[in-house]
Amino acid sequence: MEEVSTSYKLDYVKSKIGEHADFPKKGVIFYDIFGALTDGKACAYLRDLLLRYIREKHPDVELIVGLDSRGFLFNLLLATELGVGCAPIRKKGKLAGEVISVEYQLEYGSDIFEMQRAAIKPGQKVLIVDDLLATGGSLCAASALVRKVGGVVLESLVVIELLELEGRKKLEGNVHSLIQY
């Protein structure tokens, strides 16, 4: 069976991402990852693209952190394939046990992220994953949480980046996006 090129896989996944005008408010175009996730081939390609990138750039990763909630669609899958652990960062009040928290700004307001304090060991090499980089608030908050408990953020990895919102500028450290709009 012939190997499918990386560019073909990216184009295929991008073709399945939905675009919804005026959501969640007028003037906004919402790029919907679920259009790609409902297509089996797009799911497989997306998994392949993410794993290939991580294996090439971060073979020393020890933990994959997924952000509430669409980041959860990727962190368990990637961690399982790589043979490493995974941990969630959730909205306030969703995690049991001792948690640490940070407030952050969204495109449309503010929120609070929490993580279980014991989820990350000091010095552990962590990759943060999410579906989207917009203004950068949630990824900045996630990085702050990981660092607060002594984790080392290798990079933030997202499927979609909205370039016009310049969220990348807020992030301390590296960020990689598969698809840019």
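No value in this document is a laboratory result; all are computed from the given coordinates. Everything numeric in this text was worked out from a predicted model, so none of it was measured. Virtual Cβ from ideal backbone geometry, glycine too; neighbours counted across all protein chains shown.
Dipole of segment 78-167 (Lys/Arg Cβ +1, Asp/Glu Cβ -1, origin at the Cα centre): which of L106, V152, T135 lies farthest to the positive side?
Of the candidates, V152 comes out farthest on the positive side.
Of the listed peptides 158-165, 37-44, what is their order by residue-averaged count of other C-beta atoms within 10 Å, with the highest listed first?
With the highest mean Cβ count within 10 Å placed first, the list reads 158-165, 37-44.
Lysines near K125 by alpha-carbon distance under 19 Å, same-chain residues fewer than 8 away left out - which ones?
K57, K148
Grab the other residues whose beta carbon is less than 12 angstrom from that of G85, score K and R as +1, D and E as -1, and report the net.
With Lys, Arg at +1 and Asp, Glu at -1, the neighbours total +1.
With +1 on each Lys and Arg Cβ and -1 on each Asp and Glu Cβ, how big is the dipole of segment 106-181 about its Cα centre, in debye rounded to the nearest 20?
Roughly 500 debye, rounded to the nearest 20.
Over every pair of different alpha-carbon atoms in segment 11-102, take the mean of 1/r and invert it; report that Kirkwood radius in Å.
It is 15.1 Å.
Given an 8 Å cut-off on Cα distances and at least 6 residues of separation, report the relative contact order of segment 126-181 as a percent.
The normalised contact order for segment 126-181 reaches 43 percent.
Using θ = phi - 60° and the Karplus relation 6.51 cos²θ - 1.76 cosθ + 1.60, list the HN-Hα couplings for segment 53-64 in order, rounded to whole Hz, with x at every Gly or Pro.
Each residue of segment 53-64 in turn: 4, 4, 4, 6, 9, 9, x, 9, 4, 10, 8, 10 Hz.
Using DSSP to define loop residues, name the GluC sites (Glu not before Pro) in segment 64-156 whose beta-carbon has at most 10 other beta-carbon atoms within 10 Å.
Listed in order of number, the matching sites are E98.
Got the relative contact order for the chain handy, in percent, Cα pairs under 8 Å and 6 or more residues apart?
Result for the chain is 16 percent.
Using a Debye calculation, one point per C-alpha and no hydration shell, please list log10 I(q)/I(0) for the chain at q = 0.08, 0.09 Å⁻¹ in order.
-0.24, -0.31
Return the loop-located trypsin sites (Lys or Arg not before Pro) in segment 1-31 (DSSP other than H, G, I, E, B) with at most 14 other Cβ atoms within 10 Å of their own Cβ; answer none if there are none.
Listed in order of number, the matching sites are K25, K26.
Taking only Cα atoms and a 10 Å spring cutoff, compute GNM fluctuations for the chain and point out the largest among V152, V129, V65.
Between V152, V129, V65, it is V152 that shows the largest mean-square fluctuation.
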